[in-house]
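Notes follow the structure.
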Amino acid sequence: MEMEHMKGGLRSRNHNLGLKRIKVRDENDEEEEPLSPMARMFHQPESNIYIVVIVGYKRLIDPDIYKTTLTETFLKHPRFSCLQVADEKSGGEVKWVKTNVDINKHVKVPMVDPYMASPDKFVEDYVANLSKTRMSMSLPMWDFHILNLKTSDAESTVVVRVHHSLADGTSLMALLLSCSDALPSFPAMKKKPISRGAGWFPIWFWKSWSVLLLLWNTLVDIWMCVATTYFLKDTQTPLKAPSSDVAFTPRRIVRRTFSLDDVKLVKNATHTVRPFFFWLIYMLTQGLFVL
């Protein structure tokens, strides 16, 4: 390839070098990201799901301070400041589009009677009615409802409603905890010292046995899943629905207070409650309810 000298450098005589052109984008321009397949699924009519979280506080809530806190913490997550818009140029593909969020349209403060006869029943009815309404896609699909009403569990209550396409339950709880100033602290796990005098054979045998055990349990789980899908039936329990039609019937969220000792008793008797459940309860009791 011939080159010729120019003022300030070199220039190629052959402009067609066979290189692909690179599109340079300004740092301030944000590329619209499409929704994931799971997020699109939650917009289907048969699986249009919302996450409803009930948070209790030890004191009354100042709505203005609460809105300011949400703006400085909650809205830092990009998903909660984006619209879900169908792109006609891409065949109707739904994408995340950044927008300016008006916090007043997302934080609701209904007028309630603080001296009502049954405040717990009122919160249950409020959540039940909230779960029956749909959210408009013209706004980011989340809202907070502040109920400055004393119940048997808290001095005030906040009901959080988030469309399932934005987050799942675990990530939403982690996000809510990260927005608080009372994050629980966990003791560091102590690592077991490695014995140097055991030799290579016991370590090799233990690792090989662990891999074989993992493969065996995986095959058993796959077989049980396939067998249950085609010919096995789930065990009949009081929690099992009488028919598949119950999935399309209206539901009601009922609040109940229970002791961790009772959960531990059920765990020991049925071997069904996993340690993650205790971790989640600990996070809630130590984090959210200290606010």
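The values are calculated or read from the model by the stated rules, or taken from the named source; none is laboratory data. Being a predicted model, the structure only gives us computed values, none of them experimental. Because the Cβ atoms are built from the backbone with ideal geometry, glycine has one as well, and the counts that use them run over all protein chains shown. Remember, those area values only see protein heavy atoms, side chains included, never the ligands or the DNA or RNA. Shrake-Rupley method; radii C 1.70, N 1.55, O 1.52, S 1.80 Å.
Here is how the numbers come out for the structure above:
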quantity	calculated
Rounded to the nearest 10 Å², the accessible area of residue 54 at probe 1.4 Å	50 Å²
Exposure rank, largest accessible area first [201, 80; 1.4 Å]	201, 80
Amide H partners (placed H, <5 Å) of residue 51, local residues excluded	162, 163, 164
Using θ = phi - 60° and Karplus 6.51 cos²θ - 1.76 cosθ + 1.60, couplings along the range 39-45 (whole Hz; Gly, Pro as x)	5, 5, 5, 6, 9, 6, x
Global form of the range 33-179, assessed from the alpha-carbon gyration tensor, a/c cut-off 1.5	prolate
Unit charges at the beta carbon, dipole of the range 33-179: most positive-side option, 41, 167, 81	81
Dipole magnitude (debye, nearest 20) for the range 33-179, charges at Cβ of Lys, Arg, Asp, Glu	180 debye
Accessible carbon and sulfur surface of the range 33-179 relative to its total accessible area, %, 1.4 Å	55 percent
Radius of gyration and Dmax over the Cα atoms of the range 99-187, both given in Å	15.0, 44
Gain in span if fully extended, residue 46 to residue 97, counting 0.36 nm per residue against the direct Cα distance	15.9 nm
